[in-house]
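For reference, the structure is listed below as structure tokens.
The values are calculated or read from the model by the stated rules, or taken from the named source; none is laboratory data. It should be emphasised that the depicted structure is a prediction, and the values quoted were computed from it without experimental measurement. Quick reminder, even Gly has a Cβ in these numbers, built from the backbone with ideal geometry, and neighbours come from all protein chains shown. Quick note on the areas: whole protein, heavy atoms, side chains included, nothing else; ligands and nucleic acids left out. Shrake-Rupley method; radii C 1.70, N 1.55, O 1.52, S 1.80 Å.
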Amino acid sequence: MQSPALQNLISSIIEDIAQKGYAVVEQFINPQEITSLAAQAKILHITGEMHKAKTGISKLENSTLRGDFIHWIDASNASESETFYLNTMAELQHAINQAFFLGLFELESHFAIYPPGAGYQKHLDQFIGKEERKISCILYLNEGWHHEDGGQLRMYLDKKDENRFIDISPQAGTLVVFLSSDFLHEVLPATRERISLTGWFRTRSLS
Ligand code: OGA
Ligand code: MN
């Protein structure tokens, strides 16, 4: 059952997506769950269960393009805090489907750790010929993030004008949601380790 607070956050996400194509909300997930998700990501990193992320359909490791380490969430073998995250995202998926008839049927998601200095160059989350990713969602897991730590998500609001962008700090509990086909974005390098949980709501693959 949804808490009234979650219901309100989800309503404001739906409204913003309808108006602007993206939404940014703070404290989407409570601090205790964020702490345990961050702890889990750190353990996965230390135990070697995070691997260097690859880019695009070429599946090449390319540290200049993207310097993060990732670990895919396995829904059939999820921890307590992963289950909490997945259940919360399922509520969001349901609300998005009701509002926009997108026919989203699953979330694929991974933890990501960017070591200090690492970033992810400007890109789109949809690859040509692979359009199943409809909505991108990024949940940040960094407690006490300060502006001067860097690591902002730079979201370009106009594909044709690179001067129109907003910068979002990867503060613990903040969730960014956007239409995967519409927004170029990049991760600016940070001076400290930067942890996130990124997910994509997908439609059924045609192939
Ligand atoms: C991605 C991505 C942004 C972020 O993983 O595709 O753009 O802020 N992540 O972590
Ligand atoms: Mn991206």
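Taken over segment 119-149, the criterion of being of a type in the set (Gly, Ala, Ser) and either more than 10 Å from ligand 1 (Cβ to nearest atom) or under 19 Å from Trp200 (Cα atoms) (or both) is satisfied by Gly129, Ser136, Gly144. Checking Gln7, Gln27, Gln19 one by one, the residue that is part of a loop (DSSP other than H, G, I, E, B), within 20 Å of Cys137 (Cβ to Cβ) and open to solvent by 60 Å² or more (accessible area, probe 1.4 Å) is Gln27 and no other. The number of residues in segment 134-155 that are over 12 Å from the mean Cα position of the chain (by Cα), assigned to a strand (DSSP E or B) and closer than 17 Å to Arg66 by Cβ comes to 3.
With the requirement that a residue be more than 16 Å from ligand 1 (Cβ to nearest atom), of a type outside the set (A, V, I, L, M) and closer than 18 Å to Ala41 by Cα, what does segment 85-118 give you?
Result: no residue meets the conditions.
Taking the condition of being open to solvent by less than 40 Å² (accessible area, probe 1.4 Å) and modelled with pLDDT of 95 or more, how many residues in segment 124-163 meet it? Residues in segment 124-163 being open to solvent by less than 40 Å² (accessible area, probe 1.4 Å) and modelled with pLDDT of 95 or more: 16 in total.
The residue of segment 179-207 that is least open to solvent (accessible area, probe 1.4 Å), among those that are more than 25 Å from Ser36 (Cα to Cα), within 11 Å of ligand 2 (Cβ to nearest atom) and outside any loop (DSSP other than H, G, I, E, B), is His185.
One residue alone among His123, His110, His94, His51 is more than 13 Å from the chain's Cα centre (by Cα) and touching a residue at least 40 places away in the same chain (Cβ under 8 Å), and that residue is His123. Looking only at residues in segment 30-60 that are open to solvent by 60 Å² or more (accessible area, probe 1.4 Å) and part of a strand (DSSP E or B), which one is modelled with the highest pLDDT? Filtering segment 30-60 for residues that are open to solvent by 60 Å² or more (accessible area, probe 1.4 Å) and part of a strand (DSSP E or B), the one modelled with the highest pLDDT comes out as His51.
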